[in-house]
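Structure, as C-alpha cells:
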2 protein chains.
Amino acid sequence: MTKISASLAFEKPLTSVDVVVFSLLENKLKVLLIKRNYNESEPYPNQWALVGGFVDVAKDENLEATAKRKLLEKTGVKAAYLEQLASWGSANRDPRGWSATHVYFSILAIDDVQMPKNGANTNDAQWFDVIESGVLTTLAFDHADILATAIDRLRSKVEYTSLPAFLMPELFTLKELQNAYEAVLARPLEKSSFRTRMLSTDLLEATPNYKEAANRPAQLYRLKSKIDAVFFQRTFNPTK
Amino acid sequence: MTKISASLAFEKPLTSVDVVVFSLLENKLKVLLIKRNYNESEPYPNQWALVGGFVDVAKDENLEATAKRKLLEKTGVKAAYLEQLASWGSANRDPRGWSATHVYFSILAIDDVQMPKNGANTNDAQWFDVIESGVLTTLAFDHADILATAIDRLRSKVEYTSLPAFLMPELFTLKELQNAYEAVLARPLEKSSFRTRMLSTDLLEATPNYKEAANRPAQLYRLKSKIDAVFFQRTFNPTK
DNA sequence: TAAGTTAGTTGCACTATACAACTAAGTGAT
DNA sequence: ATCACTTAGTTGTATAGTGCAACTAACTTA
C-alpha cells in the first residue's frame, strides 16, 4: 500500500455548500428558505432549510461555483453579491455522517429574482422575515445557527460598508437607501449624517431623474459599481 | 437503491484544515511553516506549507478540533486565539483530487510556543518573516494565496481590534504593544493616540511593576482577558 | 393660497484621532 | 553634583466624521 492510497483511504466527510440569500421586500429584510423533500429516508423531511447542496465534483470547478449554481437554480440570479461567511463541520450535524458545509451569503435586489416555478410544488421556496437573529420557523440541520451568524455578520458589516446598496433596484432615492440600512440594522439612523456619509464616497451617481410623489420630488441615484462594496472609516451611532 | 445511498454515493472531496499561525519574534511578524515529507509519492515533497492536515472523522468532533489538534502537534500550544479565516476548495488545488480546506488563523505569544523536537528532522518547522503579503519561499498547494489572505485579514482587523495583544508575553509595556501593532501593520503609529485608545477600553490592567532600563522605567501592563479581542469604533490613521 | 408632507441643508456640539511640543524619570559620563 | 542623553508619558490645538435639532425647499391637495 503506497502513501497515496493510505491518505486517500481516510473516510471523507460529506462536503456541501449553503447560501444564505438576503433580500428586501416591502422594506423588510428577508431570507430565502427551501422546503426539503417529503421523503422519510432523507434527514429533516419537509422542513425549511437554507439554499444549498452537495458539491458535485464532476460539475463544480470550485466552491464558489457550487454556490453560484445553487443560487441560480433557486433564484434565477446569475451575478449577485456573494461572500464567504464561514464553514461548519462536525460529526453530528448531519445524521448521514461527518459533514462539513461551506457557507456563503448573498444580497439580492428583489427585482432581479425569478422565483422558481416547480410545477408540482410551487411553494418549496419562500422568503421569510428576519426577526431578531432568525426566522419564526424551525430550520433543518444547524441552519438556525448558521442563519444567526449570517445575520450578525450582515449587520456588523452594514455598520461600515455599503452592502445594503445591493438590495436596491436600479434607481433609488437616498431615503430608500436609508430605509434599507434601517431594515437590516433594525434601528433608525440619522438623516443628515447618513446622507453625508453616502455622498462622501463615489458609491452613488446622481441621475437627472426625480421620484415624483405628493410632496417634494426626491433625486434618484444609481450605483456606480455593481460589484464592489465601499468601506467607511467608522461605524454608525457609537454604541455607548 | 435508496435515496440515502444515492446521496452518499457522490464522490466526496478531500477535507482538510489548515492553520495560519502568526507570532512575533524580535519585533517582527512571523508565520509558522512546516516542511513536507521528502516522499515523491506525495504532492509537493520537501516544500514549505501551512500547518494542517486531513480531518480525522474518528478523532475530530468538529473542524475546530482538527485545527486545535494540528496547532497542538506543531506548537505545543493548547489555548490560543483561533479564528476561522475562510475556505478554499477546487478540483485542481490538490493533485490527489477535488479538495477543500477550512482555514483558521491563530495568534500566539512566542513564549508559549514549544517548537517540536522531531528526533529525525528538527528543522521541519520554522518561523518565516512576513514580508509584504507573504514569505520569501515558495509554498505548497495554494498556500501562498491563503497566506496572503490571512495577512490581509490580520492587518485589516488590527486596524480596529486588540488582536496584537495576543502576541504579547504576560507582562509588557505600552510601547512594546505599540511595536507589535506596528510590526503587524508595517507602518508607524502615533504615540499619544495609540495610548489613549488602548487605555480607554478595559483591555489592559496596570501592574505595580516597571520595566527598568537606562532611562525612565515604563509601566508594565497585563491583559485583563486572555480570550476576547476588543473592538474599536474607528481605524487608525484614516487613509485620506 | 394655505396646510401638509417629505426632501434636503445648516449650525453647533461632541469625540476620537493626528501632530507637535512639552514634562518626567531614569542612566552614565564628566 | 551636574549635565547630556534617552525613553516614558502628557498636554494643547487642529481636524474630521458624526449626532442632534432646527431650518429651508418643493411639491400636492383641499
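Taking residues in segment A:211-222 that are farther than 14 Å from A:M198 by Cα, and partners anywhere that are near DNA strand D (Cβ under 6 Å from one of its atoms) and in a strand (DSSP E or B), the pairs with Cβ atoms closer than 9 Å and at least 6 places apart or on different chains are A:K211/A:P217. Take the conditions (1) at pLDDT below 95; (2) among the polar types (S, T, N, Q); (3) over 20 Å from B:A80 (Cβ atoms); B:Q114 misses just one of them, which is (3). Would you be able to say whether some residue in segment A:210-231 is in a loop (DSSP other than H, G, I, E, B), touching a Ser or Thr at 6+ places or on another chain (Cβ under 7 Å) and modelled with pLDDT under 95? Yes, segment A:210-231 contains a residue that is in a loop (DSSP other than H, G, I, E, B), touching a Ser or Thr at 6+ places or on another chain (Cβ under 7 Å) and modelled with pLDDT under 95. In the condition set (1) within 16 Å of DNA strand D (Cβ to nearest atom); (2) not in a loop (DSSP other than H, G, I, E, B), B:P169 is compliant with all but (2). Checking each residue of segment B:114-127 against the condition of being within 16 Å of DNA strand C (Cβ to nearest atom) and of a type outside the set (A, V, I, L, M) gives no match.
Just so you know, in segment B:29-61 the residues that are touching a strand residue (DSSP E or B) at 6+ places or on another chain (Cβ under 8 Å) and surrounded by fewer than 14 Cβ atoms within 10 Å (Cβ to Cβ) include one that is nearest to A:S87 (Cα to Cα), and it is B:E61. Of the residues A:A218, A:A186, A:A206, A:A125, the single one that is within 28 Å of A:S87 (Cβ to Cβ) and touching a strand residue (DSSP E or B) at 6+ places or on another chain (Cβ under 6 Å) is A:A125.
Among the residues of segment A:189-217, those that are within 10 Å of DNA strand D (Cβ to nearest atom) and aliphatic (A, V, I, L, M) comprise A:L189, A:M198, A:L199, A:A213, A:A214.
The residue list B:D60, B:D112 contains one member that is more than 14 Å from chain A (Cβ to nearest Cβ), under 21 Å from the mean Cα position of the chain (by Cα) and among the acidic types (D, E), which is B:D112.
The set of residues in segment B:16-45 that are part of a loop (DSSP other than H, G, I, E, B) and more than 14 Å from every other protein chain (Cβ to nearest Cβ) comprises B:E26, B:N27.
Among the residues of segment B:141-157, how many are surrounded by fewer than 21 Cβ atoms within 10 Å (Cβ to Cβ) and either aliphatic (A, V, I, L, M) or part of a strand (DSSP E or B) (or both)? Of the residues in that region, 2 qualify.
Inspection of segment A:190-199 finds a residue satisfying the criterion of being over 25 Å from A:V31 (Cβ atoms) and not in a helix (DSSP H, G or I).
The residues of segment B:61-96 that are within 30 Å of B:M168 (Cα to Cα) and in a loop (DSSP other than H, G, I, E, B), listed by number, are B:G76, B:V77, B:K78, B:A79, B:A80. Across segment B:46-57, the qualifying residues are those that are of a type outside the set (V, I, T) and within 17 Å of B:G89 (Cα to Cα), and the one among them that is nearest to the other protein chains (Cβ to nearest Cβ) is B:F54.
Annotation note: of B:T149, B:T201, the sole residue that is β-branched (V, I, T), within 14 Å of chain A (Cβ to nearest Cβ) and within 11 Å of DNA strand C (Cβ to nearest atom) is B:T201.
Every test in (1) within 16 Å of DNA strand D (Cβ to nearest atom); (2) over 30 Å from A:R36 (Cα atoms) is passed by A:A186 save one, and that test is (2).
The values are calculated or read from the model by the stated rules, or taken from the named source; none is laboratory data. These numbers were taken from a predicted model, which means no experiment stands behind them. All Cβ positions, glycine included, derive from the backbone under ideal geometry; neighbour counts span all protein chains shown.
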